[in-house]
Amino acid sequence: MSGSNPDGTAPRLGPSVSIDPRLFSLVSAACLLEHRSRFESSRIQVYLVHEKRENVLEAKLVSIEGVAQLAGEGRSDREFAIPTGWSEGSLDHSSEASSDDAFYTRWNALMEMPLSERVRELGKGREAFEKKLHETTDPKEQGKLVGEVTQLAYLVNRASLSVNPGTLTPEDRVLAQETLAIVQSVIDLIAGSKESTLLFQTLENASNGQVLQHTVRVFSTMVAFLVYFNDQHTRGLSRRVRSVFHTRYRRHYEAWLPELKASLVTSDNLVRFSPISAPKLRSFALGTLMHDIGKILDLDYFENGAAYDQTRIRQHSIIGSGLFQRVYGLQFEDARYIVGDHHNYLFHKDGYGLTRWDRARRGGPSVAVGCAVTDTLESFHSGEALGFFPVEACAIIDVYDALTDSSRLYKRAMTPGQAVAFMDDHFCASHKLDPIVFGLFIEFLRARGTQLPPEFGLFAPGP
């Protein structure tokens, strides 16, 4: 009997699930069978679509063998869904979406699991991570463990957020709890590390796939930078900034914010620093881990180094903010703004993100600009401040990592010194990044062992 198993039964299908059409491409049975060996070797999930609703596809998981049986019934239309990274276009030429791509292999393996099993995998990974941390003091081994568990947390969140859009389940709540526990463990490790340079050298080589590598590095660097910030705060950071503000930074802010009253052009007002509490540190770290989660809706574009597409690039922060809120709710608004605004660039015309989109819907800011970077979400949200400290910190780290990343297909990687000079000239000078926060980041890099030109940094010699 055509379209059935040898014993006469119909092909086995998985339970019906709701999938996001932005994450999957519709393909024909002919396409799947033509590339059958690649799909089977990489364990790519294939869904038989049985209903198309607004923004949702209702589908059932089917094996490649099941596709072959169904094709016997003449199913040549595009009724099957596969991850966008494995669309027909990408299968026709060499790309990162290949059978040996570790990222796609791991992500698709997770996608095949039910949500409850996926969350259990994350819990087991966290328990193994914490157990191994207690068994080693070697910073190289610790760095590998951090890289592994960070990858796992990111991939599980990514896979879980890509199905059942708009529906919060009990498993999602456990997912959030496990992710937060991993974030806290990484914070504790980095805060207590006496050999941070060796730890980070290991982390730089601890992941696979361009987006995943970037996420691991930016997350771990952000945690270390925030720990460094707290340490510097106890050492009189505000007083030290005050001492160099007049000679090094005042002219920059006067040119940037000419409408600001002279009495407000002080370092204490323009860049507001306060110690970061443990709950805030965890929230900031969570937001950084998830800062690029919106890229799951266009994974083939971001992973394969396609030509610049402004619309596709700019939508990822808005989408990511919505996905983050779906699982983590409004409890971690600081984190959500990191996801949504890490490309805001202090409202420079080249920036984009959640706050601009929100203001376009509800109107402009409620108050006049009074400072550059604030330490409270409230003053950023009102419009008094152009930037929110954790958002600006993530933005700086994000740009620095992109400039020094050797895996980017479209450009040659810069050395740390070249990247710092480029950011100073093209981002700080044009008011896309705050120079004081950027200067503090340079001091952090030096403390971590990075060799940089002496003229750069918060406390470098003045002009």
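Where a number appears in this text, it was derived from the coordinates with a stated rule and is not lab data. Bear in mind that the values here come from a model prediction, so they are computed numbers and not experimental data. Reconstructed Cβ throughout: ideal geometry from the backbone, glycine too, with neighbour counts over all protein chains shown.
Details
- Between Gln310 and Arg173, the contour length at 0.36 nm per residue exceeds the Cα-Cα span by 45.9 nm.
- Nearest-0.05 FRET efficiency for Thr136 and Trp357, computed from C-beta distance (R0 45 Å): 0.50
- Across segment 227-447, the relative contact order, built from alpha-carbon pairs under 8 Å that are at least six residues apart, equals 18 percent.
- Theoretical gain in end-to-end length, Ser63 to Arg326 [0.36 nm per residue, Cα-Cα removed]: 91.7 nm
- Between Ala429 and Ser366, the C-beta separation translates, for a Förster distance of 35 Å, into a calculated FRET efficiency of about 0.75.
- Estimated FRET transfer efficiency (Asp188, Leu13; beta-carbon r; R0 56 Å; 0.05): 0.80
- Exposure proxy order (Cβ contacts within 10 Å, fewest to most) of Leu32, Leu346: Leu346, Leu32
- In a fully extended conformation the segment linking Glu259 and Ala402 would gain 48.1 nm over its present Cα-Cα distance, using 0.36 nm per residue.
- Across q = 0.10, 0.18 Å⁻¹, segment 227-447 modelled as identical point scatterers on its alpha-carbon atoms has Debye log10 I(q)/I(0) values of -0.45, -1.52, in the order of the q list.
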